[in-house]
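These notes concern the structure reproduced below.
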Amino acid sequence: MRVHYLQHVPFEGLGSIEPALRQKGHVITLTRLYQGEPLPTLEEIDWLIIMGGPMGIYDEARYPWLEAEKAFIKDAIAAEKTVLGICLGAQLIADALGAKVFKNRHREIGWFPIQRLPEAATTVLAKAIPEQTEAFHWHGDTFEIPQAATPLASSKACKNQAFILHDRVVGFQFHLETTREAAAALIENCRDELDSSPYVQSESEMLADEQRFTHINKVMHAVLEALEARHSPASQ
């Protein structure tokens, strides 16, 4: 399987997704949008993964590559690729599907529980996402659930945490792929966002427990397994 991912900043990569995919022998390719690298053709990829970043989806003036990226995401969805977006990536997918993306009431940074919604039971991720689990968060914006998509999860600070469309287009506002090293890199590069507001934890709180990262990475792997079982080229 050919997996391509879009990277917006050097300190937000695939995290635990990369070893999970490589272990199965999948081919991974990358576009570093912040370096002006070209996007692939849709014929070259089976999956598209869109990572996070500190910019907003409407920041085209500062990040001109956002315009081409948005068009590419729309085309990938229309071409029936499996598409997974994380944080900013989820917001870009929501925008591509015509949903509004806007500033959330609370900035949410650190470890906070998400609740799986009853609607998730009808989707391919029904068993992959626990009924309640602690996830890692780092966002200030949020999205509406796109039309025809199924909401998957919610949190106290952010109502819309995840959605899925046609069992192949997935948006996660939260992070399940983050490793301790990746969290430390986020803190190092975005420390100015740690404003001590109600849903923003301290650096020490976020990095204190290695087992938290191990747990969310296992959930991430379960999500990948569920999507792959349903949508790998060999199964079609």
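We did not get these values from a lab; they are worked out from the coordinates using the rules stated. Because the structure is a prediction, the values reported are computed rather than measured. Quick reminder, even Gly has a Cβ in these numbers, built from the backbone with ideal geometry, and neighbours come from all protein chains shown.
Quick one: residue 198 ticks every box in (1) surrounded by 13 or more Cβ atoms within 10 Å (Cβ to Cβ); (2) under 17 Å from residue 140 (Cα atoms); (3) not β-branched (Val, Ile, Thr) except a single one, so which number is it?
Answer for residue 198: the failing condition is (1).
Does residue 142 meet the test of being of a type in the set (Val, Ile, Thr) and more than 17 Å from residue 118 (Cα to Cα)?
yes
Mind checking which residues of the range 1-37 are within 16 Å of residue 83 (Cα to Cα) and part of a helix (DSSP H, G or I)?
17, 18, 21
Residues that are more than 19 Å from residue 15 (Cβ to Cβ), in contact with a strand residue (DSSP E or B) (Cβ under 6 Å, 6 or more places away or on another chain), aromatic (Phe, Trp, Tyr) and crowded, with 16+ Cβ neighbours inside 10 Å: does the range 174-194 have at least one?
The answer is no, given that none of the residues of the range 174-194 is more than 19 Å from residue 15 (Cβ to Cβ), in contact with a strand residue (DSSP E or B) (Cβ under 6 Å, 6 or more places away or on another chain), aromatic (Phe, Trp, Tyr) and crowded, with 16+ Cβ neighbours inside 10 Å.
Which condition from (1) surrounded by 16 or more Cβ atoms within 10 Å (Cβ to Cβ); (2) of a type in the set (S, T, N, Q); (3) under 16 Å from residue 216 (Cα atoms) is the one that residue 132 breaks?
(1)
When the range 95-120 is examined, which residues are found to be more than 30 Å from residue 67 (Cβ to Cβ) and among the aromatic types (Phe, Trp, Tyr)?
111, 112
For the range 5-23: of the residues being out of contact with any strand residue (DSSP E or B) (no Cβ under 9 Å at 6 or more places or on another chain) and without any contact (Cβ under 8 Å) to a residue 24 or more places away in the chain, which is nearest to residue 51 (Cα to Cα)?
Result: 19.
Find the residue count for the range 85-107, including only residues that are among the small types (Gly, Ala, Ser), surrounded by fewer than 24 Cβ atoms within 10 Å (Cβ to Cβ) and in contact with a Phe, Trp or Tyr (Cβ under 6 Å, 6 or more places away or on another chain).
Of the residues in that region, 1 qualify.
Identify, by number, the condition in (1) in contact with a helix residue (DSSP H, G or I) (Cβ under 8 Å, 6 or more places away or on another chain); (2) part of a helix (DSSP H, G or I) that residue 163 doesn't meet.
Residue 163 satisfies every listed condition except (2).
Suppose we filter the range 112-151 for residues that are small (Gly, Ala, Ser) and in contact with a Phe, Trp or Tyr (Cβ under 8 Å, 6 or more places away or on another chain); how many remain?
2
Kindly check whether there is at least one residue in the range 112-129 that is part of a loop (DSSP other than H, G, I, E, B), under 14 Å from residue 154 (Cα atoms), in contact (Cβ under 8 Å) with a residue 40 or more places away in the chain and not acidic (Asp, Glu).
yes
In the range 130-160, what count of residues is obtained for those that are farther than 26 Å from residue 211 by Cα, without any contact (Cβ under 8 Å) to a residue 60 or more places away in the chain and part of a strand (DSSP E or B)?
4
Of (1) within 17 Å of the chain's Cα centre (by Cα); (2) crowded, with 19+ Cβ neighbours inside 10 Å, residue 123 satisfies all except one. Which?
(1)
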